[in-house]
Amino acid sequence: DELMKRAAGFGHRAVAITDHGSIQAFPEAAEEAKKYGIKVIYGVEAYLVDDPLQDRPYHIILLAASQEGLANLYKLISNSYINNFYRNPRIPRHELVALREGILLGSACESGEIIRGILKGLSDVELQKIADFYDYLEIQPLENNEFMVRDGIVPDRQALIDINLRVIDLGERLGKPVVATGDVHFLDPHDEVFRRIIQAGKGFTDAENQAPLYYRTTEEMLEAFSYLGEDRAWE
């Protein structure tokens, strides 16, 4: 209820529900959205694995674009729990390809295969091949990925900007939309304490260093991408 109320207050017309590996929020989301005239985009942040099951799945966003897509999403999620559960409910790539009709694929966060490919130093040709699998590419506020500077994965904040610029360039070359997303896990900045507790309980060693994954206003998102220039940020 609070999410839909906030979305309406921000003047947003739709909210995508993309919980990790789960679609349990859909019935409540549908019910609460009606109260505020918000459109629900039904989705999931899924765990994608290549057919020889790799140890660390890629994150991927699946959004239902039609009734057929929603039905396919249900099938994929069911299969991920019943047939492919290993630490997380995983979706093998061949199953996603077979059931992708009516589903939009987004490249997700730094745990998605595009940014992981950039960090691995893959060539432009290899990155284009990876990106071609997706319907849209994602970039996120720099603060979301500051842990990469802290952990020495990249040298500085400029490197985070360069990663986002690389994703934008890939999108332009392939004619795919590039979307700025918040990776929202909670409503307000102080709500990070709940995610901190959950992650500490799961054994995350960096649970104390929470990224600001709160629900940002349009103005806050524009500010987060101001380094692109006003026109590009709006786009």
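Within region 218-228, is even one residue open to solvent by less than 50 Å² (accessible area, probe 1.4 Å), part of a loop (DSSP other than H, G, I, E, B) and touching a helix residue (DSSP H, G or I) at 6+ places or on another chain (Cβ under 6 Å)? Reasoning before the result, please.
Going through region 218-228, the residues open to solvent by less than 50 Å² (accessible area, probe 1.4 Å) turn out to be 221-222, 224-225, 228.
Narrowing further to those that are part of a loop (DSSP other than H, G, I, E, B): 225.
Filter again for touching a helix residue (DSSP H, G or I) at 6+ places or on another chain (Cβ under 6 Å), leaving 225.
Within region 218-228, one or more residues are open to solvent by less than 50 Å² (accessible area, probe 1.4 Å), part of a loop (DSSP other than H, G, I, E, B) and touching a helix residue (DSSP H, G or I) at 6+ places or on another chain (Cβ under 6 Å).
Only one entry in Val40, Val97, Val44, Val49 is modelled with pLDDT of 95 or more and closer than 23 Å to Gly203 by Cβ, namely Val49. Report whether or not Ala65 is small (Gly, Ala, Ser) and either at positive phi or surrounded by fewer than 18 Cβ atoms within 10 Å (Cβ to Cβ) (or both). So Ala65 fits the description; yes. For region 19-49, what are the residues that are open to solvent by 40 Å² or more (accessible area, probe 1.4 Å) and not charged (D, E, K, R)? Residues satisfying the conditions are His20, Gln24, Pro27, Tyr36, Gly37, Ile41, Tyr42.
Number of residues in region 140-151 that are open to solvent by 70 Å² or more (accessible area, probe 1.4 Å) and either at positive phi or assigned to a helix (DSSP H, G or I) (or both): the value is 2. Of the listed requirements (1) out of contact with any strand residue (DSSP E or B) (no Cβ under 7 Å at 6 or more places or on another chain); (2) modelled with pLDDT of 95 or more; (3) farther than 18 Å from Val179 by Cα; (4) open to solvent by 50 Å² or more (accessible area, probe 1.4 Å), Asp132 misses just one: (3).
Just checking, which of Ile82, Ile23 is at pLDDT 95 or above, in contact with a helix residue (DSSP H, G or I) (Cβ under 7 Å, 6 or more places away or on another chain) and farther than 16 Å from Gly102 by Cα? Steps first, answer last, please.
On the way: Ile82 fails: in contact with a helix residue (DSSP H, G or I) (Cβ under 7 Å, 6 or more places away or on another chain).
The conditions single out Ile23.
How many residues, within region 152-180, are closer than 16 Å to Phe225 by Cβ and either of a type in the set (A, V, I, L, M) or open to solvent by 30 Å² or more (accessible area, probe 1.4 Å) (or both)? The total comes to 16.
In the set (1) over 24 Å from Arg232 (Cβ atoms); (2) surrounded by 13 or more Cβ atoms within 10 Å (Cβ to Cβ); (3) touching a residue at least 40 places away in the same chain (Cβ under 8 Å), Phe204 fails one condition alone, (3). Per this entry, Glu110 is not counted among residues that are among the acidic types (Asp, Glu), closer than 27 Å to Gly69 by Cα, surrounded by 19 or more Cβ atoms within 10 Å (Cβ to Cβ) and touching a strand residue (DSSP E or B) at 6+ places or on another chain (Cβ under 7 Å). Of all residues in region 85-101, those being in contact (Cβ under 8 Å) with a residue 12 or more places away in the chain, closer than 21 Å to Tyr42 by Cβ and open to solvent by 20 Å² or more (accessible area, probe 1.4 Å) number 5.
The values are calculated or read from the model by the stated rules, or taken from the named source; none is laboratory data. Note that this is a predicted model, so its numbers are computed, not measured. As a convention, Cβ positions derive from the backbone with ideal geometry for all residues, glycine included, and neighbour counts pool all protein chains shown. Accessible surface areas use protein heavy atoms only, side chains included; no ligands, DNA or RNA. Shrake-Rupley method; radii C 1.70, N 1.55, O 1.52, S 1.80 Å.
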